[in-house]
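What follows is calculated from the coordinates using simple rules that are stated; it is not laboratory data. Please read these numbers as outputs of a predicted model, since none were measured by experiment. No Cβ is skipped: glycine too gets one built from the backbone with ideal geometry, and neighbour counts run over all protein chains shown.
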Amino acid sequence: MWYNGEDVTRRLAILTGNERKIKVPEPFRFTPNLAYLAGAANECLYRIREGRLRKALRLPDGSGGQAAGLLELRAEDESLLALRLWNAAGTEEVLPEQMDAAEAYVRDWFDLSRDLAPFYAMAERDSLLQRTIRPFYGLRLVGIPDLFEALSWGIIGQQINLAFAHTLKRRLVEACGEYLDIGGERHWLFPPAERVAELPAAALQELQMTGRKSEYLIGTARLIAEGRLSKELLAQAGSCAEAERMLTGIRGIGPWTANYVLMRCLRMPAAFPVGDVGLQNAVRQLAGMDRKPTQEELYRLAAGWTGWESYATFYLWRMLY
DNA sequence: CTCCAGGTTGCGT
DNA sequence: ACGCAACATGGA
């Protein structure tokens, strides 16, 4: 019987230097996770081809600094992930600690250390959720491990449709200009907060963001660059509600964005973006309503989701997108 | 043309 | 406390 953990990884490690395998315990399937990522047309931060997922990452350089690398993830079978890494020059010389960092990123990205069995047990008995878990069996809450990226994506996505949000993100990423050219393809990195912190609001407005949104992004970038906001700081919060208060105290971050980030970056299982239009539409559809549910109705339907609100939301979203 | 998009702020009752 | 316009753009 396999379980996640260091010993399993070590036992299965292939000693070719830049390759490693990760056995993921049930319930997990690579396919629905890849399908989720593939569903985002116009996504600029990863590339999927022939079942292979590639993404540029920032990694430790072995002497306290950072170096970019290219990660490739594919499934040997549905629950055995094969991870490969290339350095910025596109060759296979990578440090063991870079392999460790890449593996940690993958474990975080796909929430691999979560035991999903209790969620499925709960969902089986829930009139709405029971119809979401079979079509997406093995889907994890795909995360956004970098806090600044998660906050930016939340802020960018406020109020606009997802297609346009992707366009704006791409413009921001390309305007900041950090990428890896490997194998004839360009792999973009999300800009660090320090880079966005020094931009004038006008630079973001040129990308067709609202003036407000530009200020929100830059203000948030500054907080992170100054070390006044971090993943560690949010993780230290005593509860999801307290972390939410820390975030909503920031201009431009309301309850939706706060919960979205706590869900996709901090991985707080009880994070719940109730105000989300997509969630409301999914519930409307599944419950056969002729209008979107009110917040009160949503809370009532979600009464049994306690501790799994984030997963419930993610699975409900999948019914729409 | 109108309405709605993975909302939030700031001002007016 | 609560309602509501403004915000930039694109797709239905």
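Could you estimate the translational diffusion coefficient of the range A:16-113 from the Stokes-Einstein equation, with Rh from the Kirkwood formula over C-alpha pairs, at 4 °C and 1.567 mPa s, in whole µm²/s?
Result for D is 93 µm²/s.
Determine the dipole magnitude for chain A: charges of +1 sit on the beta-carbon of Lys and Arg, -1 on that of Asp and Glu, nothing else is charged, the reference point is the Cα centre, and the result goes in debye to the nearest 20.
Taking the Cα centre of chain A as origin, the dipole is about 800 debye.
Where the centre of each part is set by its Cα atoms, how far does the range A:190-257 sit from the range A:264-321, in angstrom?
Here the two parts' Cα centres lie 24 Å apart.
Take residue A:306 and residue A:117, extend 7 Å from each Cα along the Cα→Cβ direction, and tell me the distance between the two endpoints in nm.
About 2.2 nm, to one decimal.
How much length is gained on full extension from residue A:241 to residue A:80, taking 0.36 nm per residue of separation minus their Cα-Cα distance?
54.4 nm
Tell me the label-point distance for the pair residue A:208, residue A:291, using the 7 Å Cα-to-Cβ offset, in nm and rounded to one decimal.
Rounded to a tenth, the inter-label distance reads 3.3 nm.
What is the order of A:176, A:240, A:265, fewest Cβ neighbours within 10 Å to most?
Ascending number of Cβ neighbours within 10 Å: A:176, A:240, A:265.
Dipole magnitude of the range A:16-113 about its Cα centre, charges +1 at Lys/Arg Cβ and -1 at Asp/Glu Cβ only, in debye to the nearest 20?
260 debye
Of the options A:148, A:184, A:130, report the single residue whose Cα projects farthest towards the positive end of the charge dipole of the range A:116-212 (beta-carbon charges: Lys, Arg +1; Asp, Glu -1).
A:130
What nm distance separates the two modelled labels at residue A:175 and residue A:26, each placed 7 Å from Cα along Cα→Cβ?
4.9 nm
Just the C-alpha atoms of chain A: what Rg/Rh do they give, with Rh taken as the Kirkwood radius?
When Rh is taken as the Kirkwood radius, the ratio is 0.95.
Which order do the peptides A:195-208, A:302-315, A:285-298 come out in when sorted by mean C-beta neighbours inside 10 angstrom, highest first?
Highest mean packing first, the order is A:302-315, A:195-208, A:285-298.
Assuming R0 = 45 Å, what is the FRET efficiency of residue A:130 and residue A:67, from their Cβ-Cβ distance, to the nearest 0.05?
Approximately 0.45, to the nearest 0.05.
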